[in-house]
């Protein structure tokens, strides 16, 4: 089995045609038997009873999974570097074309980070690393953001860090200010940069990044501080992902040593638990339950694409083309079929939704949430899928003639 990160979220060849996808019964739990929760792992997700796993296959898969994670992290770091260059170009020559290029670079880098989350969650699963992982993701991807914490907003002409000259603009200071008194007060990461590029009310124009030269202290003017704040946030994103890329390789003996110290079968359980944590704490929160729900990237309208980026790599891990994924190692064939069908149906539902996702039909969002919950049950191994009648071998009850 050659494991590779899938760069497009499309139905796998092993998935059944969409006409045969699961009915709402599986999504809502009817026709499925749920086992009682078992013990909890380091990530706090319940694990199913122990099962026999092929050690050689587990060793091969878990090693290739780590290498696939490294490839995804390298892609994310490269996209962050491209984003930093695009921001630098915008600040050097503030034109609408350069602003649009910076926005496109943001979208690409944000989706690469989303695609890396299934791997990052695994790498930082050990108890002694969980706080580091939490801090890294909060630095990179904290949301929602309060626009007025960063920049001028309607009705408050002197709001935000761009107007607060008491805050010296350095990356170290921005890290100190990040989420200082409230979780919405983001001053680093993708969603802080989203505010800067799209504007607090999604009406940013390139001339708002023009350099001001008048006055006794031009560096203190809001337009110049906006430029510097934008530059520093982009720099911080690249620094954080570059640091992660440095720590990832097997030869770095940092993140990987704890992973490789586990027996192969334990690594698979580790991956499973991290993926369940991802669905519960990253995927579901990005699907608004109501008009009052927080939205991940409402200005850039990228919530849906970020979801698809996460799901494509979950799907690639469990159901890679050609087989040999986690589903083959940890689920029975009926669960594997149900998992493929659920991924396919969820993809189709998301692709048909409005973008930004918060504009989607609430009923469709609720159905998508049910499908994610179905994925959780299937990935855990808790959801028992009965064999279909057509899959059963007929048994003759006729007594043979004597």
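Coordinate-derived values only; no laboratory data. Small disclaimer: the values here were computed from a predicted structure and weren't measured. Note that each Cβ is placed from the backbone with ideal geometry, even for glycine, and that neighbours are counted across all protein chains shown.
Brief remarks follow.
- Label separation (residue 63 vs residue 212): 6.0 nm, computed from points 7 Å beyond Cα along the C-beta direction.
- Remark: the residue 184-residue 266 segment gains 25.8 nm on full extension, using 0.36 nm per residue and subtracting the alpha carbon distance.
- A Förster radius of 45 Å, combined with the Cβ-Cβ distance separating residue 257 from residue 387, puts the computed FRET efficiency at roughly 0.60.
- Ranked by the mean number of other Cβ atoms within 10 Å of their residues, highest first, the peptides 226-238, 243-255 fall in the order 226-238, 243-255.
- Residues of the stretch 80-107 with amide N under 19 Å of a point placed 7 Å along Cα→Cβ from residue 228: 87-94
- Residues residue 170 and residue 97, FRET efficiency given R0 of 45 Å [Cβ-Cβ distance, rounded to 0.05]: 0.90
- Highest to lowest packing among 100-111, 350-361, 155-166, scored as the average C-beta count within 10 Å: 100-111, 350-361, 155-166
- Zone residues, the stretch 151-193, relative to residue 242, backbone N less than 20 Å from point 7 Å out along Cα-to-Cβ: 169-176, 188-193
- A simple packing score, the average count of other Cβ atoms within 10 Å per residue, orders the peptides 273-281, 55-63 as 273-281, 55-63, with the highest score first.
- Computed on the stretch 41-320, with alpha-carbon pairs under 8 angstrom and 6+ residues apart, the relative contact order is 28 percent.
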